[in-house]
1. Can you give me the relative contact order of the stretch 194-273 as a percent, contacts being Cα pairs under 8 Å and 6 or more apart?
2. Taking neighbour counts of Cβ atoms within 10 Å as a proxy for exposure, in what order, fewest first, do 254, 267 appear?
3. Taking N as the number of residues in the stretch 58-143, what value does Rg over Cα atoms divided by 2.2 N^0.38 Å take?
4. Just need the relative contact order of the chain here, percent rounded to a whole number, with Cα pairs under 8 Å and 6+ apart.
5. Where the centroid of each part is defined by its Cα atoms, how far is the stretch 45-124 from the stretch 197-245 in Å?
6. Volume per residue, Å³, of the convex hull around the alpha-carbon atoms of the stretch 128-215?
7. Considering the chain as a Gaussian network with a 10 Å cut-off on Cα pairs, which listed residue, 110, 72, 11, attains the greatest mean-square fluctuation?
8. Taking the Cα atoms only, what angle lies between the long axis of helix 259-274 and the longest principal axis of the chain, rounded to 10 degrees?
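Derivation of every value follows stated rules applied to the coordinates shown; laboratory data play no part. All figures in this text were calculated on a predicted structure; none of them were measured in a lab. Methodologically, a virtual Cβ is constructed for each residue, glycine included, from the backbone with ideal geometry; neighbour enumeration extends over all protein chains shown.
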């Protein structure tokens, strides 16, 4: 594994109060990690938000930073609490009660990738788990909060756009007859993580580029949205889930023929969202 936890694509000037982040697009798979897994380099990427960092890499052009993780989600999940340790994987971890993420193998150190496929042959030590958390989870979250603090100090408000992708099949269970299949799911913890005004603006930016959008179903936001969304304090967090089939071949994990078209549309979305912090669109706190 690289010793770098993240990379920041920074703007030349801090014009926006918006911070973009991509915690699941890391693809720094090291030989040592692959050697501990029963999965090959292709199969282990199935839970990765592949290419999401590239889809949002225009953020600095519009005065907003993009924080992107380098470690893959299969190695350490930055959208989980550091205490979500899976006793079925980590030696000495306490049993987690009423935590469906950990029970399903999707704790901070995941036990499985997509479709429940096991990553490891056996367990890992608590020391190994804590080393990953200290080396990757801790610096990523410290940097994310620092970026939000900087935005707030300069603008009196901060908006986190937490960028993800979802398997095409993830929507199958919620699409009813006659319903438009969403391309994008926005999550704000049902209003707990962002003001209605912010959500309206985020939704309008995607709809304006032709994306079908729904809110909070089936993804309302996980640890990042819950932790960083404090609308009463002027800090808002919105999780964005984009259908992978729009821009990539999920089987081969490669961009498809529409990749550049989708990236261009998202560049226009980024430009619209970044304007929130340029003095023309003041935010209202809830």
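1. Relative CO of the stretch 194-273 lands at 31 percent.
2. Neighbour counts put them in this order, fewest first: 254, 267.
3. Taking the Cα Rg and dividing by 2.2 N^0.38 Å, one obtains 1.21.
4. This gives 23 percent for the chain.
5. Between the Cα centres of the stretch 45-124 and the stretch 197-245 lies a distance of 20 Å.
6. 149 Å³
7. Highest fluctuation of the listed residues: 11.
8. Between the helix axis and the principal axis of the chain, the angle is about 60 degrees.
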